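A.B. asks: Sharing a structure below in structure tokens format, with a few things to ask.
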Amino acid sequence: MAFGKVRVAEEVTVLETKEEYSLARLVNIMAELRAEDGCPWDRKQTHKSLRPYLVEEAYEAIQAIDDMDDKALCEELGDVLLQVVFHSEVADERGKFNITHVLKGIIEKMVRRHPHVFGDAEAKDSEAVLVNWERIKQKEHAEDSIGKEVDSILGNVPKVMPALMRAIKVQSKASRVGFDWPDIEGPLSKVDEEYAELREARKAGDIDAIEEEIGDVLFALVNVSRFLKVDPEIALGKAVDKFISRFRYIEREARKNRRQLEDMTLEDMDALWEKSKEAEVL
């Protein structure tokens with residue numbers, strides 16, 4: 001199989017480039033597992049039953065990236081690829097599509113949406129690339145929607161995405177067609193506005209309004225993070241990690257003094273919390 005320009009890690013051996021390690025081999029293995037005399041567990045899986053594994057494997061790959069663990073990332077990407085092949089095999093059995101259709105679709109999409117590489121278009125920077133990408137995408141959707149009710153440019157943002165990721169996705173998409181603040185002052189002012197409304201809702205004791213305003217505050221903060229080019233999911237993840245680290249410090253110190261957290265006052269725990277911050281600096 002010829003791939004054209006391929007970068008290969010130095011440690012990859014000749015053996016690992018043979019057919020036994022090809023995508024075709026993996027597809028054949030999955031077909032064998034799904035055959036009548038194959039694996040009982042694999043045979044009974046459906047798109048719906050496999051859904052949690054696709055999410056789980058993606059998160060494990062992300063963890064490997066965050067850990068800067070190349071060996072783990074290599075393994076986890078294999079697990080993600082297995083899910084793609086698994087779903088393709090299930091769909092093939094249903095007569096819907098197979099792995100070739102998946103490959104054909106993504107190859108054509110990548111060529112089509114990169115006219116500045118594979119065509120005559122120009123894109124001076126990554127922002128221009130994203131604008132072109134969205135424009136091409138909308139054209140594709142318009143062509144697919146002929147005779148149908150026209151959908152929103154936000155219609156294909158999955159509802160099952162984590163809320164922070166979904167928020168920044170819809171904000172970015174709206175921004176690419178010009179619906180955005182001119183500068184960071186707008187989003188910052190919006191945070192103040194939404195926080196004031198949250199305080200009013202709390203004073204009124206309106207639970208539904210409180211929930212709505214908390215959502216608005218979070219959405220506004222995501223907008224600020226987008227302007228500052230900070231991924232809110234990563235930022236919140238780091239904040240959670242920091243909280244866990246400091247709380248564990250409190251637990252360790254309590255154990256050293258043979259004390260139970262339940263028996264400590266809030267002031268006691270706050271004092272240890274402050275010490276944990278000092279320990280981070282050291």
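The values are calculated or read from the model by the stated rules, or taken from the named source; none is laboratory data. None of these values were measured; they are calculated from a predicted model. All Cβ positions, glycine included, derive from the backbone under ideal geometry; neighbour counts span all protein chains shown.
A.B. asks: Are there helices (runs of 4 or more DSSP H) fully within the range 118-231 with at least 3 residues that are at pLDDT 90 or above? List them. Don't jump to the end; show me each part of the working.
C.D. replies: Working: elements: 126-144, 163-175, 185-204, 207-227.
Hits in the range 118-231: 163-175, 185-204, 207-227.
A.B. asks: Kindly indicate the residue of the range 162-182 that is exposed (fewer than 13 other Cβ atoms within 10 Å of the Cβ) and free of Cβ contacts under 8 Å to residues at least 40 places away in the same chain and also nearest to K229 (Cα to Cα) among those meeting that condition.
C.D. replies: Taking the candidates together, the pick is P182.
A.B. asks: Also, quick follow-up: Tell me whether the range 256-278 contains one or more residues that are modelled with pLDDT under 95, in contact with a Ser or Thr (Cβ under 9 Å, 6 or more places away or on another chain) and farther than 30 Å from I153 by Cβ.
C.D. replies: Yes, some residue in the range 256-278 is modelled with pLDDT under 95, in contact with a Ser or Thr (Cβ under 9 Å, 6 or more places away or on another chain) and farther than 30 Å from I153 by Cβ.
A.B. asks: Something else about it: So for the range 247-254 (the condition being in a loop (DSSP other than H, G, I, E, B) and either of a type in the set (K, R) or modelled with pLDDT under 95 (or both)), does at least one residue qualify? Write out each step before concluding.
C.D. replies: Start the filter on the range 247-254 by keeping residues that are in a loop (DSSP other than H, G, I, E, B), which leaves none.
No, the range 247-254 contains no residue that is in a loop (DSSP other than H, G, I, E, B) and either of a type in the set (K, R) or modelled with pLDDT under 95 (or both).
A.B. asks: Within the range 226-240, identify whether any single residue is under 29 Å from D66 (Cα atoms) and touching a Lys or Arg at 6+ places or on another chain (Cβ under 9 Å), and answer yes or no. Lay out the reasoning, then the answer.
C.D. replies: Within the range 226-240, the subset under 29 Å from D66 (Cα atoms) is 226-240.
From what's left, touching a Lys or Arg at 6+ places or on another chain (Cβ under 9 Å): 232.
So far as the range 226-240 goes, yes, one or more of its residues are under 29 Å from D66 (Cα atoms) and touching a Lys or Arg at 6+ places or on another chain (Cβ under 9 Å).
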